[in-house]
Structure formats: C-alpha cells, structure tokens
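One structure below.
The values are calculated or read from the model by the stated rules, or taken from the named source; none is laboratory data. If you're wondering where the values come from, they're calculated on a predicted model, not measured in any experiment. Backbone-built Cβ (ideal geometry, glycine too); neighbour counts: all protein chains shown.
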Amino acid sequence: MGMILEYMDYHLLPLSLLFAAILFSVCCLGLYLRERSRAGRIEALAAGERKFFKSFAVNRQDFFLLIRRSDLKVLYISPNFQEMTGIEAELVCADIEVLKSLVSPKTARNILEQLGNWDGEQELRLEFDYQMAGEAAGENREESGDRHGLVTLQSDESSACYLVVFCDNTEDYQVRTAMKAELKQAYQESQAKTDFLSKMSHEIRTPMNGILGMLSLARSHVKEPEQTDYYLNRAESLSQFLLTLINDILDMSRIESGKMELEAVPFDLFKVAEKLDSMFRNTTEAKNIQWEIEMQDFDVSRVVGDELRLTQVIINFISNAVKFTPAGGSVTVTFRQMHKIEGKMHLMIRVRDTGKGIKADFISRIFRPFEQEDASTAHHYGGSGLGMAIADNIVRLMDGQIIVESEEGKGTEFVVYISLPIAEGEQFVPETWNEGCPREAAGDLKKAIEEFTLEGVRLLLAEDNDVNAEIAIEIMEMEGAVLERACDGLEAVRMFEESPEHGYDAILMDIQMPNMNGWEAAAQIRKSSRPDADIPIFAMSANAFVEDKRHSIEIGMNGHISKPVDYDEVRELVGEALLGRSTH
Ligand code: ADP
C-alpha cells in the first residue's frame, strides 16, 4: 500500500501541477476576456453615446465626464468643459490629475478623502470653491470665493465607469450665503435687542425702586422735616439719574435703528469751548480739580456740522474725566486745528485727566452699551455705561474716530479725530483764546438773566394734561407769575387772538395736544397780523429728541424745554427773551 502511494505521489504530482497550471490559465484568460469585453463595452458606450451626450451637454451650464473606474481614464468630456474650467480637454484625457489645479490643495485633499470613503452605490455630491485655471493660486484660494461648484458622481450599472456631472452654482451659492449671513445677523440683532431690553428693564427698575422707597420713607417721616427733606432729596437725585438714563437709552435705540440724523449747520468751535468752560468750571472748582481748555493752531473757527451732537460727545468725556478724577487732579480739554484740506478742517479734540485710569482689558469693551469696568463702578460713581457707546456711534456717524489711551492709576485720554467742512465765507481769524478765561458774554445782560424771576410775568400755558398743568401753574405762581391755561393748541390760538395786545409776556406750549398740536398753534400765532405775533413762545414738551428741539426752532419758537421741566431753565429762557427784547 505504501508502495502504491509512493508511486502515485511520484507520477501524479507533475500531472496535478499541470492541471493546476491549465486551470489558472483558463481563469486568467476568462478574466482577461471579461475585462476586455467590459472595456470594449465602455469604449463602445462612450463612442456610441458621444453624439447624444454632446447634444445634451451643449445646452447646459454643466459639464460631464465619463471616467473609467479601473484606471481613471477619461472616456468622455462634454464640449463646454474647456469653457467652464479653462483647461484643455486633451490635458484631462492625458492626466486626470490636472483637475486638481481648479481647486486649492486643501479642497483637493478634502475631495480625495470623500472619494476614498465613497462606496460607489449612492450618488456622491461634493460642493467646493474653485477657480478657472490660471485665475489664482495658493492654499487660501477659496477665501477669494469667486466660484462655487457642485459635483455629483454616480457609478454606472456595471460599476465600470463614473459619471461626473459638474455644475457651476456660484450665483445660487452666493444668494444662499448672503441669506445665511442675513439670517445670522438678524438673529444676532434680535438677541442683542433682547439683551438690551432686559438690561434696560433692570437699569430702570433699580432707580425706580429707590425713588418709590425714598418717597415712602418721606411719607412715614412726614413729622420730622429734616428726615423728610433728606429722603426727598435722595428721591430727586435718583429721578435725575433715571431721566439721564432714559435719555441715553432713547439715544441708543435711535442710533441702533439708524434713525439718528446729523445736522450740517455752521457753528463756532470757540463758542463750543466757551459753553463747555461755563458748564464745568464751577463743578471742577468745587471738586478741587484743575480745569483747563486749550484752543490750539486755529486760523478759522466756524465749521459746518452737528454742534449739539459733537458737544454731547465731549460733555460725556469731560463728565467721566471729572467723575473719575479725585481732588487735586486735573482735567484738560484741547481743541486743535490739525490741517485744512479741500475746504475741510481736520480737528482733534482731546480730553485728558489724571484720574484712576482704565484697566487694559476693559479698554476693548469700553464702547459696548451698558459696560462699566466692574460692578463697583456703578456703586461708587453711578452711571449706566451707555455714554461711551453713544459717543462712539455719534463720532462714527460723523466719519470720525475715537482713540482711548489710559494707564491705571495715572489717567486717561480720549481723543476724537473728525474733519468738518469750513463754514462758507469763513476767513475770520479768531481772537487769541485766553486759556481758562473765555471771552466774556455780555456781562450786564448775563447778570440780569441770572437774577430774573417770574414775578408779575403773564404767561399763557397750553397743556392738555391736568397733572402737568397743575404742577406748572403751582410752581410758577409760587414765584409770582400770572398764568392762564389753554387745554389744546386750538384754544391757545383763540386765547391769544382774543387777548389784548401784549396781554401775555410769553407762551409755554406743550407739543402733543388734541385738536391742534403745539407746533401748529405756534405757526398760527406767528402768522397772525397782530403786532405781538412775535411773542416769545417756548415748547414745553416730552418730545425730547434733538430733532424735536430743532423743529421747534424751525417753526419759529424761541426755545424748547424738555419734560420733566426744569423750572430754572424756564426762568432763564423767559428772562433771556424778555430782557433781550427790552435791551433792543
Ligand atoms: P458711565 O460713565 O455712565 O458709567 P460710560 O459709557 O460713559 O458710562 O463709561 C463707561 C465706563 O468707562 C465707565 O463706567 C468707567 O468704568 C470707564 N471710564 C470712562 N471714562 C473714564 C475715565 N475718564 N477714567 C476712568 N474710567 C473711565
């Protein structure tokens, strides 16, 4: 048995080897033939359908490639390929790698990775930025983002070919991108508004709570005049704070809704400096802070712009400087004419203090609404953190710039750079500015206005709101004024028309009233043929925007007093009008 096996082993081994070799060859041949016939089918498909593909492709914005899977040979390219890519079709046929030149290396890597993970069964969609050949180069090419492509890849039934369809969807992509950006912005704005509202609600409730608390304490101590007086004073200063806050919030919301408009009228920079000087001289003196305003290098003084808004910005800087500078320190305001180009003055306004300074990390946040350096700031110094945001927005509206420099413990400087047109016909060289000693206003008149009282002054008050009317009448009558009240604009006009000539010395006119508003009533009175049609009329209104004030003046009124009414202001304005007249 062993012999037989040995014999068989010996004689059958070459035979089985031969058999195996034949079998292997047959298999290879089979595979080869199958592959050949498939390739033949592919070539035939490409050739056969070429005409059909062509007529289909030329009418489209897309281009097609038919690529053999086994060796990535390009079997068909639609005619608009070159037009859309800037690459000659022959180059792609010679080497498909040339397609990489359409995208950045990063995008190419990304595409290859997705191709590597593709199972070939589902359609594969790829979206990417691309450039036509020769347009740009570099790793960050997609950042230029000129073109956007959408590619779909499918395998044919036999999985022998890929059909690649490329479509330029730049326009669609740009629209989508813009819509996404708008949506994001709208979301952010809505979020910012919600945050602003909740912050605002908190900020308003805090002083409101204080006011109500102080009033209730005052009532419970009504029999102790000193205590009552103390609580009422606290309630009053909290009300003042609340008023400033409300004004700031309104300004801020007008800025944010794009409703703040700037005026362009001639004004005198030296007058602005004078105003600031008289505003802060006493406060700084009382706080023992050295105060100075410098006017440097001016050869003209009148420019065109929005005086009120510019002044508002500088006042905010100065108020902060005074607030954050302890006794013994200094606050210096410098106006400098930098240069004049093409009828414009480039102006620098700097407010420098030697106060507590600002922490470096806060400087980048200082212009955000409601931002203060830390929680203790409001506690020690008050304020709401809106002033800087408003100042920044106003200066931006003026196409200017604010630079902040500060060192903790040493001081701060805010510098505003703006350029304003020089007022027409401006050749006037201003007088030398006596540092810290502004040009004197007409001294006697100023003094007389300061001493003016409403004693014996006959006033027509147009006010529809009973509470407001009652307060105004009581306060002014206590000072000796004689008041008659009209309940709307129509009645005010009638009462004026029916009064004897010069029967009233001045009219205080609410603006929002039924039947006829204050502006219309004032306009009617000005149109009257009576010799006293030029009677001083002052708006006394809760419409407190700068635009409202301007409108009152445009309509022919003599001034605009915002509510809540400051009766010192009423006295001063009425005095100025009446005394000014009598000196003419
Ligand atoms: P407010 O003064 O009402 O708090 P602002 O917006 O005007 O609001 O100022 C924001 C914050 O910036 C202040 O609370 C303060 O922390 C800081 N700041 C502004 N000006 C100065 C200054 N001159 N010195 C020190 N800190 C300042």
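At-a-glance table
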| read-out | value |
| --- | --- |
| Selection from region 382-415 of residues that are assigned to a strand (DSSP E or B), of a type outside the set (Phe, Trp, Tyr) and within 9 Å of the ligand (Cβ to nearest atom) | VAL404, SER406, GLY411, THR412, GLU413 |
| Residue under evaluation ALA544, criteria (1) under 30 Å from GLN312 (Cα atoms); (2) in contact with an Asp or Glu (Cβ under 8 Å, 6 or more places away or on another chain), criterion not met | (2) |
| Hey, ARG254 surrounded by 15 or more Cβ atoms within 10 Å (Cβ to Cβ), within 30 Å of GLY210 (Cβ to Cβ) and among the charged types (D, E, K, R) or not | yes |
| Those residues of region 535-571 which are part of a loop (DSSP other than H, G, I, E, B) and not charged (D, E, K, R), in sequence order | ILE535, PRO536, ALA542, ASN543, ALA544, PHE545, GLY556, MET557, ASN558, PRO564, VAL565 |
| Lone qualifier among GLU292, GLU342 - being of a type outside the set (A, V, I, L, M, F, W, C) and modelled with pLDDT of 95 or more | GLU292 |
| Qualifying residue in region 271-292 (condition: of a type in the set (Lys, Arg), within 16 Å of the ligand (Cβ to nearest atom) and either surrounded by fewer than 16 Cβ atoms within 10 Å (Cβ to Cβ) or within 18 Å of GLY400 (Cα to Cα) (or both)) | no |
| Test: residue in region 71-80 that is within 18 Å of SER155 (Cβ to Cβ), among the hydrophobic types (A, V, I, L, M, F, W, C) and touching a residue at least 60 places away in the same chain (Cβ under 8 Å) | yes |
| Out of ARG352, ARG309, ARG365, sole residue that is among the basic types (Lys, Arg), exposed (fewer than 15 other Cβ atoms within 10 Å of the Cβ) and within 16 Å of the ligand (Cβ to nearest atom) | ARG365 |
| Region 525-553, subset buried (at least 18 other Cβ atoms within 10 Å of the Cβ) and not aliphatic (A, V, I, L, M), residue modelled with the lowest pLDDT | ASN543 |
| Residue check, VAL222 β-branched (Val, Ile, Thr) and without any contact (Cβ under 8 Å) to a residue 12 or more places away in the chain | yes |
| Residues that are surrounded by 17 or more Cβ atoms within 10 Å (Cβ to Cβ) and more than 8 Å from the ligand (Cβ to nearest atom), drawn from region 313-331 | VAL313, ILE314, ILE315, ILE318, VAL322, GLY329, VAL331 |
| Lone qualifier among ALA218, ALA273, ALA186, ALA192 - being in contact with a strand residue (DSSP E or B) (Cβ under 8 Å, 6 or more places away or on another chain) and part of a helix (DSSP H, G or I) | ALA273 |
| Some residue of region 73-81 being within 54 Å of the chain's Cα centre (by Cα), at pLDDT 60 or above, of a type in the set (D, E, K, R) and surrounded by 14 or more Cβ atoms within 10 Å (Cβ to Cβ) | no |
| Filter pass, GLU342 being more than 16 Å from the ligand (Cβ to nearest atom) and on the phi > 0 side of the Ramachandran plot | yes |
| In region 513-534, the residues that are without any contact (Cβ under 8 Å) to a residue 40 or more places away in the chain and outside any helix (DSSP H, G or I) | ASN515, MET516, ASN517, SER528, SER529, ARG530, PRO531, ASP532, ALA533, ASP534 |
| Inter-residue pairs, beta-carbon under 6 Å, first more than 23 Å from ASN393 (Cα to Cα) and in region 404-425, second near the ligand (Cβ under 10 Å from one of its atoms) and of a type in the set (Asp, Glu), 6+ apart | GLY411/ASP353 |
| Given (1) within 16 Å of the ligand (Cβ to nearest atom); (2) surrounded by fewer than 18 Cβ atoms within 10 Å (Cβ to Cβ), number of the condition ALA264 does not satisfy | (1) |
